[in-house]
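Contents: one structure, followed by commentary.
The values are calculated or read from the model by the stated rules, or taken from the named source; none is laboratory data. These numbers were taken from a predicted model, which means no experiment stands behind them. Quick reminder, even Gly has a Cβ in these numbers, built from the backbone with ideal geometry, and neighbours come from all protein chains shown.
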Amino acid sequence: MLPETIDAYRTCEFATLSRDGTPIAWPTSGIRTPDGGFLLTTALGYPQKAFNVRRDARVALLFSDPTASGLPDPRQILVRGVATCPAEIHTDPSGDLGDFWKMIFERQPRSRRYLTWPATRFTDFYFMRLLIKVTPTSVTTAPLPQPSPPAAGTLLGSPVLAAYPTTVLATVDEAGAPTLVRTTVTASPDGYRPAAAAGVGPASLLVHQHDDGLDGIHNAVVRGPLDADGLLRPDRLIEPAGGRNAGALETLRTVRALRAATDRYLEKRSLSRPAVPWPAYRAIRASLSR
């Protein structure tokens with residue numbers, strides 16, 4: 001039952017370790033592979049996850065947002081393991097990557113529009129992917145928490161966290177490896193107190209949302225140290241793409257920023273821009289239409 005439950009989740013939270021050892025989680029989509037692992041990808045415009053994996057292979061996946069899953073009694077599923085991310089850039093949707101894109105086009109219908117001209121003039125970066133392969137070392141399950149959003153206050157990130165009934169806490173274990181749990185938090189004048197807090201050290205809180213078609217996406221991370229009293233003292237808020245109420249202008253700015261980041265990635269490594277085989281992607285889209 002566990003594999004089918006994992007497959008039902010539209011997204012998972014994926015935690016890697018930043019350069020200073022802080023566990024940072026972001027929502028992503030991936031697929032189980034026949035060898036029992038997971039395939040995740042990241043576009044060249046968001047290479048930080050790849051850099052983190054290459055520096056420290058220890059990662060964690062948490063399946064905990066049941067939106068559009070259809071699960072009658074969802075639980076959170078924590079997968080811890082090690083990951084690899086080779087330098088090769090993939091644009092050909094074949095093999096496991098073909099299964100990945102089929103899943104994306106099926107579950108996120110809006111992404112199919114990126115395959116139609118003139119959108120293809122601006123969205124080729126979206127199809128330039130680095131592959132992250134995760135080999136699980138442990139799998140555990142736990143109940144989902146009862147919703148309880150923190151009251152809005154003046155703390156860094158408070159307006160963002162107060163809009164969400166639960167949050168994902170990323171911490172490290174005694175060996176410094178990342179781990180995740182979906183929990184609730186309360187706010188005090190000095191910081192946030194996660195209900196499931198354990199241990200001390202670098203930590204972060206992730207909130208994110210998507211609708212049934214993997215659209216209406218928003219995510220944000222509040223990071224800071226977690227002390228022995230179970231209090232996370234925020235020192236940084238990261239909120240990509242202009243926040244929850246971003247409009248068309250902010251979307252355009254985000255696309256331009258991602259294209260620029262892709263150009264920098266290629267130029268720094270003296271790589272030519274990979275060609276995207278558009279007919280192969282359109283064939284996957286057509287197969288779904290049939």
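What residue, among those in the range 202-216 that are in contact (Cβ under 8 Å) with a residue 40 or more places away in the chain and surrounded by fewer than 17 Cβ atoms within 10 Å (Cβ to Cβ), is nearest to the chain's Cα centre (by Cα)? Only one residue fits best here, namely Q209.
Checked against (1) surrounded by 14 or more Cβ atoms within 10 Å (Cβ to Cβ); (2) within 21 Å of T42 (Cβ to Cβ); (3) out of contact with any helix residue (DSSP H, G or I) (no Cβ under 7 Å at 6 or more places or on another chain), V181 meets all criteria but (2). For the structure I just gave you, tell me whether A68 is in a loop (DSSP other than H, G, I, E, B), hydrophobic (A, V, I, L, M, F, W, C) and surrounded by 16 or more Cβ atoms within 10 Å (Cβ to Cβ). Here the answer is yes, as A68 does meet what is asked.
Of all positions in the range 211-234, none carries a residue that is modelled with pLDDT of 95 or more, farther than 22 Å from L115 by Cα and in a helix (DSSP H, G or I).
Residues that are surrounded by fewer than 23 Cβ atoms within 10 Å (Cβ to Cβ) and touching a Ser or Thr at 6+ places or on another chain (Cβ under 6 Å) occur in the range 28-37; there is at least one. Would it be correct to say that T141 is within 23 Å of V255 (Cα to Cα), surrounded by fewer than 17 Cβ atoms within 10 Å (Cβ to Cβ) and β-branched (V, I, T)? No; evaluated as a whole, the condition is false for this residue.
Quick one: would you say G199 is of a type outside the set (V, I, T), on the phi > 0 side of the Ramachandran plot and exposed (fewer than 14 other Cβ atoms within 10 Å of the Cβ)? Walk me through how you get there before you give the answer.
Details: of a type outside the set (V, I, T): yes; on the phi > 0 side of the Ramachandran plot: yes; exposed (fewer than 14 other Cβ atoms within 10 Å of the Cβ): yes.
Judged against the criteria, G199 is a match.
When T166 is tested against (1) loosely packed, with under 14 Cβ neighbours inside 10 Å; (2) under 17 Å from the mean Cα position of the chain (by Cα), exactly one condition is not met: (1).
Pairing residues of the range 248-265 that are within 13 Å of F122 (Cβ to Cβ) and at pLDDT 95 or above with residues that are among the hydrophobic types (A, V, I, L, M, F, W, C) and not in a helix (DSSP H, G or I), at Cβ distances under 7 Å and at least 6 apart in sequence or on separate chains, gives T262/L44; T262/M128.
Can you spot a residue in the range 143-153 that is among the hydrophobic types (A, V, I, L, M, F, W, C) and over 28 Å from G81 (Cβ atoms)?
Just the residues of the range 143-153 that are among the hydrophobic types (A, V, I, L, M, F, W, C), to begin with: 144, 151-152.
If we keep only those that are over 28 Å from G81 (Cβ atoms) as well, we get 151-152.
Checking the range 143-153: at least one residue is among the hydrophobic types (A, V, I, L, M, F, W, C) and over 28 Å from G81 (Cβ atoms).
Can you find even one residue in the range 83-100 that is touching a strand residue (DSSP E or B) at 6+ places or on another chain (Cβ under 9 Å) and more than 28 Å from V255 (Cβ to Cβ)? Within the range 83-100, one or more residues are touching a strand residue (DSSP E or B) at 6+ places or on another chain (Cβ under 9 Å) and more than 28 Å from V255 (Cβ to Cβ).
Within the bounds of the range 39-54, is there any residue that is more than 22 Å from P240 (Cβ to Cβ) and either touching a Cys at 6+ places or on another chain (Cβ under 9 Å) or at pLDDT below 95 (or both)? Can you show your working first?
Step one: of the range 39-54, the residues more than 22 Å from P240 (Cβ to Cβ) are 39.
Still in the running and either touching a Cys at 6+ places or on another chain (Cβ under 9 Å) or at pLDDT below 95 (or both): none.
No, that holds for no residue.
Looking at the structure I just gave you, is L78 under 30 Å from R256 (Cα atoms), touching a residue at least 24 places away in the same chain (Cβ under 8 Å), over 13 Å from the mean Cα position of the chain (by Cα) and surrounded by 18 or more Cβ atoms within 10 Å (Cβ to Cβ)? The answer is no for L78.
Can you work out which of the residues in the range 185-196 that are in contact with a Pro (Cβ under 8 Å, 6 or more places away or on another chain) and in a loop (DSSP other than H, G, I, E, B) is modelled with the lowest pLDDT? Reasoning before the result, please.
Of all residues in the range 185-196, those in contact with a Pro (Cβ under 8 Å, 6 or more places away or on another chain) come to 185-187, 191-192, 195-196.
Within this subset, residues satisfying the condition of being in a loop (DSSP other than H, G, I, E, B) are 191, 195-196.
On the way: G191: 95, A195: 95, A196: 91.
Restricting to residues being in contact with a Pro (Cβ under 8 Å, 6 or more places away or on another chain) and in a loop (DSSP other than H, G, I, E, B), the top hit is A196.
G176 meets all of the listed conditions (1) touching a strand residue (DSSP E or B) at 6+ places or on another chain (Cβ under 6 Å); (2) over 18 Å from S64 (Cβ atoms) but one, namely (1).
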